[in-house]
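As structure tokens, the structure follows; a few thoughts come after it.
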Amino acid sequence: MKSVLIATLALLALLPVQASDKLSSVDPQSVVGSWNGQARFYEKKLADQHGPLPTRLHVGSDLTLSGRLGAATLPPTQPVRRRGRLDYEVSLQGAVLAEGHAAGKRQLVLLITSVGDGRLSGDFHLKTRFGWDPTMHPGALELERAP
């Protein structure tokens, strides 16, 4: 039993490395500009309770990210470069949601997965702290370039 658990944990540790290779094709300069759209939680209960969250992001020429996700403000944040991709680790100002378990989550990890044809897609992790958080709330971003 113990060896099965160790093998499972070892395989799980490899998943982020494999996923990061797919994300490395995003050209950092393609994210520069303003983006509007929505975020949605992957968790059915949260998605049903709160629906899509209005999202506005701005990425400056130096790749500084700012904007809003739900009710929270994203202060200007520089990207963290990982294996050729851009991730953002944002300490939110305010809560994304006003109530429930997710209201206490003030750390956001944003992963931009694709940009093209005026659309930006990504994933987000709403967390209590950066690093491992087994109670995080993951979701997806679907944004369009603002005029």
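The values are calculated or read from the model by the stated rules, or taken from the named source; none is laboratory data. Just so it is clear, the structure is predicted and the values come from calculations on it, not from any experiment. Virtual Cβ from ideal backbone geometry, glycine too; neighbours counted across all protein chains shown. The accessibility values were calculated without ligands, DNA or RNA, using every heavy atom of the protein model including side chains. Shrake-Rupley method; radii C 1.70, N 1.55, O 1.52, S 1.80 Å.
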Given charges at beta-carbon only (K, R positive; D, E negative), |dipole| of the stretch 22-114 in Debye: 200 debye
For residue 119 paired with residue 80, estimate the spin-label separation in nm (one decimal), with each label point 7 Å from Cα along the Cα-to-Cβ line. 2.8 nm
Read phi for every residue in the stretch 62-67 and hand back ³J(HN,Hα) as whole Hz from Karplus 6.51 cos²θ - 1.76 cosθ + 1.60, θ = phi - 60°, with x for Gly and Pro. 8, 6, 5, 9, 8, x
For residue 108, solvent-accessible area (1.4 Å; no DNA, RNA or ligand), Å²: 0 Å²
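Roughly how many Å² is the accessible area per residue of the stretch 69-129, as a whole number, for a 1.4 Å probe? Spell out each step's value before the answer.
Working: 2760 Å² over 61 residues.
Ligands and nucleic acids excluded, the result is 45 Å² per residue.
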Whose amide H sits under 5 Å from the amide H of residue 133, counting only residues 5 or more places off or on another chain, with H placed in the peptide plane? none
